[in-house]
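Asker: To start, I am sharing the structure in question, which I have written as structure tokens.
The values are calculated or read from the model by the stated rules, or taken from the named source; none is laboratory data. Note that the structure is a prediction, hence the values are computed from the model and not measured. Note: ideal-geometry Cβ built from the backbone for every residue, glycine included; neighbour counts use all protein chains shown. Just the protein is used for accessible areas: all its heavy atoms, side chains included, with ligands, DNA and RNA removed. Shrake-Rupley method; radii C 1.70, N 1.55, O 1.52, S 1.80 Å.
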Amino acid sequence: MMTRRLQILLDEDRYQRVAAAARARRTSVATVIREAIDRGLPADDDERGTALQRILSAEPAPVPDDPAELVAELHELRSRLR
């Protein structure tokens, strides 16, 4: 449900780009602008969902059999970041 009205000023070049995208997609200029906002300023939930998807779709990484080796590797990596 739309609850806020917003008025913005665009220069001619920006307006023509938005209008052309709206025509090509057979939608309104307002829809194109709302979607651009969603892409450029995602909600926190969207960012978390995207991060989760990237983690779940990552290739499996080799890990040592001994957990102590993994802990040592993590400590080494953290010390490099400091």
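Asker: How many residues are exposed (fewer than 10 other Cβ atoms within 10 Å of the Cβ) and either among the small types (Gly, Ala, Ser) or within 26 Å of residue 6 (Cβ to Cβ) (or both) if we restrict to region 38-75?
Answerer: 10
Asker: May I pose another question? Give the residue, chosen from 78, 17, 82, that is modelled with pLDDT of 95 or more, open to solvent by 80 Å² or more (accessible area, probe 1.4 Å) and out of contact with any Lys or Arg (no Cβ under 9 Å at 6 or more places or on another chain).
Answerer: When all the criteria are applied, what remains is 17.
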